[in-house]
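The values are calculated or read from the model by the stated rules, or taken from the named source; none is laboratory data. Because the structure is predicted, anything quoted here is derived from the model rather than measured. Cβ placement follows ideal geometry from the backbone for every residue including glycine, while neighbour counts extend to all protein chains displayed.
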Amino acid sequence: MFRAIADAYRRTQKPKDIFWNKYVARPAAAVLLVPLERSPVTPNQVTFASLLVFAAAIPVLIAMPGHGGLLLAALIIELSYVLDCVDGQLARMRGSSTPVGAYLDFLMDELKAFLLVAAMGVRLWLEHEREEIFWLLEGLAGIVAVASARYSS
């Protein structure tokens with residue numbers, strides 16, 4: 001099993017990648033990639049699953065106060081990120097990468113960024129006893145910043 005995971009990782013590497021992806025996220029994704037390789041699951045389905053997992057972190061981030069809530073939300077978000085790696089690796093492994101799939105992945109990443117920034121604004125507002133509207137405005141400004149980003153392929 002370890003050989004299959006290592007082989008899947010090697011076959012789906014990107015030529016240039018950041019440290020976190022190369023040594024943490026993509027090796028973890030390869031563990032999920034091996035059983036998915038011969039399954040009927042498509043890379044786009046994995047992209048949508050990544051969004052659903054990420055969305056599960058939002059209520060945790062907002063509703064669970066303290067460091068425990070932050071840690072649990074971060075772990076769920078990291079699982080979502082690993083799935084986000086799986087979709088591209090699965091497409092590369094199968095030779096089924098498409099511009100539509102790449103754009104869908106980008107769109108889901110943008111939706112996740114909106115959710116995260118909005119949730120952080122609400123969390124900070126709640127932690128400050130709902131007295132300071134500044135945190136809601138800060139979240140709104142963050143959403144505007146994310147929406148202003150440009151896509152480049």
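Tell me whether the stretch 130-149 contains one or more residues that are among the basic types (Lys, Arg) and either touching a strand residue (DSSP E or B) at 6+ places or on another chain (Cβ under 9 Å) or in a helix (DSSP H, G or I) (or both). Within the stretch 130-149, none of the residues are among the basic types (Lys, Arg) and either touching a strand residue (DSSP E or B) at 6+ places or on another chain (Cβ under 9 Å) or in a helix (DSSP H, G or I) (or both).
Among the criteria (1) surrounded by fewer than 16 Cβ atoms within 10 Å (Cβ to Cβ); (2) more than 21 Å from ARG123 (Cα to Cα); (3) more than 13 Å from the chain's Cα centre (by Cα); (4) of a type in the set (A, V, I, L, M, F, W, C), the one ALA8 does not fulfil is (1). Part of a helix (DSSP H, G or I), at pLDDT 95 or above and either over 26 Å from TYR103 (Cα atoms) or among the acidic types (Asp, Glu) (or both) - does that describe any residue in the stretch 39-60? Checked against the condition, which is being part of a helix (DSSP H, G or I), at pLDDT 95 or above and either over 26 Å from TYR103 (Cα atoms) or among the acidic types (Asp, Glu) (or both), the stretch 39-60 yields at least one hit. Of the residues making up the stretch 3-24, those that are of a type in the set (A, V, I, L, M, F, W, C) and either in a helix (DSSP H, G or I) or at pLDDT below 85 (or both) are ALA4, ILE5, ALA6, ALA8, PHE19, TRP20, VAL24. The single condition among (1) exposed (fewer than 15 other Cβ atoms within 10 Å of the Cβ); (2) closer than 14 Å to LEU116 by Cβ; (3) not hydroxyl-bearing (Ser, Thr, Tyr) that PRO40 does not meet is (2). When ALA55 is tested against (1) surrounded by fewer than 19 Cβ atoms within 10 Å (Cβ to Cβ); (2) farther than 30 Å from ARG130 by Cα, only condition (2) is not met. Among the residues of the stretch 14-36, those identified as surrounded by 15 or more Cβ atoms within 10 Å (Cβ to Cβ) and without any contact (Cβ under 8 Å) to a residue 60 or more places away in the chain are VAL24, PRO27, ALA28, ALA30, VAL31, LEU32, VAL34, LEU36.
The condition of being of a type in the set (A, V, I, L, M, F, W, C) and under 14 Å from the mean Cα position of the chain (by Cα) holds for LEU79.
Looking only at residues in the stretch 119-152 that are of a type outside the set (Asp, Glu) and touching a residue at least 60 places away in the same chain (Cβ under 8 Å), the one that is surrounded by the most Cβ atoms within 10 Å (Cβ to Cβ) is ARG123.
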